[in-house]
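To start, the structure itself, in structure tokens.
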Amino acid sequence: MRVSRAILIYLLAFLVGGSLVSGAAFGQAAGARGDFFTYRFVPGDILLTLSQRFTQNRENWKTIREINGIADQYKIPVGFELKIPFSLIDEVPASATISHLRGQAFLNGSPIAQTGGQISEGAVVTTGPNSNVTLTLPDNSKVLVPVNSTVTAKRLQRFSGTGYIDAIFTIDRGEVQSHVNPGGEGVGRFEIRTPVSVTGVRGTILRAGTRQGQGAYSAIIKGQADFSPADGVSLTRLGSNQGAVTDGAGKPSGTHALLAPPVLHPMDAQSHNRQLRFDPVPGAVAYELVLAEDSEGYDVLWSQRITGTTATLPAVRNGTVYVLVRSIDQQMLAGGHAVLQIEQTMNTINDGQGSPVGIGNGSYLLHSTF
């Protein structure tokens with residue numbers, strides 16, 4: 001009787017939903033815990049349909065039931081976190097698009113000539129002092145590789161039954177900034193690894209990186225993440241506006257509250273001096289300034305760290321530019337940003353004969369108005 005009931009519910013779910021991969025339950029993917037994908041039950045879920053959706057084999061429901069210690073598959077409460085081994089999930093290769101490029105960066109040791117190219121699993125992205133690269137994943141997650149960083153796409157797959165991303169990025173040098181699952185549909189697995197730490201993301205805006213000889217760090221601006229040493233001995237659950245730091249051996253120092261962003265002063269639309277001013281933030285030892293094409297700061301045009309509360313902004317492009325400022329605490333963790341939208345008009349600076357002043361590589365000395 002139970003087998004017949006399961007088949008009936010399976011057919012009803014298919015007919016009502018129109019397909020096995022539709023419906024509101026998609027928003028219940030809860031990321032990864034170690035070698036397991038986790039999924040939160042919603043009304044109407046049964047193991048048979050979930051097994052088909054995630055493993056492409058409904059007969060795997062029995063194995064999933066045993067792993068989760070489920071005595072009665074018809075009495076699973078809403079909100080229950082179901083664990084499914086990644087070894088059972090059917091996956092296909094995915095790729096990410098190089099959606100933004102600034103300066104001279106490298107893909108697998110070769111210069112990146114332009115945006116629009118694809119990277120696949122195993123790709124290594126390297127940036128220098130004045131370059132950065134933004135990757136866009138199939139679920140529209142953003143991964144920014146900022147200046148002086150080397151990052152490897154160790155794993156880049158997607159669930160064949162749902163399209164959830166299974167991505168692991170390793171940081172060999174520098175840091176990564178990411179906005180995972182911006183649409184809120186759920187995440188299969190998104191991990192950022194350093195030699196001494198692992199950050200497992202659950203729909204998050206975060207920064208993670210290495211410090212030469214001084215361990216690693218993660219700062220969660222929004223969402224949740226699990227932060228642990230590479231050996232997985234301990235785990236720290238991070239929420240919005242929290243960060244964690246390890247020493248060189250991977251030992252975490254606890255959870256730290258991130259600083260609020262500073263209050264930015266409006267800039268005179270007719271100003272020619274390009275002066276940015278903002279109020280100091282108690283506890284801040286420095287501030288990070290970013291000029292970007294987007295208000296979230298992923299398509300970076302220029303960045304700098306300063307210790308004061310005023311700065312002269314460079315001329316970077318014609319049109320709309322976003323100024324982002326983050327407070328940096330004593331742990332050197334940067335919090336969320338304040339943002340100011342400005343308009344720049346680029347003009348060449350001419351010499352005494354009226355000719356543009358060149359600065360090499362076909363570029364000219366510029367100034368801007370705001």
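The values are calculated or read from the model by the stated rules, or taken from the named source; none is laboratory data. Keep in mind that what you see is a predicted model, and the values were worked out from it rather than measured. Note: ideal-geometry Cβ built from the backbone for every residue, glycine included; neighbour counts use all protein chains shown.
In summary, ARG305 fulfils each of the numbered conditions (1) surrounded by 17 or more Cβ atoms within 10 Å (Cβ to Cβ); (2) touching a Phe, Trp or Tyr at 6+ places or on another chain (Cβ under 8 Å); (3) at pLDDT 95 or above with the single exception of condition (1). GLN275 meets the conditions (1) surrounded by 14 or more Cβ atoms within 10 Å (Cβ to Cβ); (2) under 15 Å from GLN330 (Cα atoms) in every case but one. The failed one is (2). Considering the conditions (1) in contact with a strand residue (DSSP E or B) (Cβ under 7 Å, 6 or more places away or on another chain); (2) farther than 14 Å from GLN330 by Cα; (3) at pLDDT below 85, SER253 is excluded by exactly one of them, (2). Meeting the requirement of 3 or more residues that are over 21 Å from the mean Cα position of the chain (by Cα), the strands (runs of 3 or more DSSP E) wholly within segment 198-266 are 252-257.
Contact map, segment 114-133: residues that are without any contact (Cβ under 8 Å) to a residue 24 or more places away in the chain paired with residues that are of a type in the set (Val, Ile, Thr), Cβ distance under 7 Å, separation 6+ or inter-chain. Pairs shown: THR115/ILE98; GLY116/THR97; GLY116/ILE98; GLY117/ILE98; GLN118/THR97; PRO129/VAL147. Reported count of residues in segment 313-327, each being without any contact (Cβ under 8 Å) to a residue 60 or more places away in the chain and in a strand (DSSP E or B), is 6. Can you confirm whether PHE54 is over 30 Å from ASP299 (Cβ atoms), under 24 Å from the mean Cα position of the chain (by Cα) and crowded, with 21+ Cβ neighbours inside 10 Å? Yes: the conditions hold for PHE54. From the list ASN181, ASN241, the lone residue that is buried (at least 24 other Cβ atoms within 10 Å of the Cβ), of a type in the set (S, T, N, Q), out of contact with any Pro (no Cβ under 7 Å at 6 or more places or on another chain) and touching a residue at least 12 places away in the same chain (Cβ under 8 Å) is ASN181.
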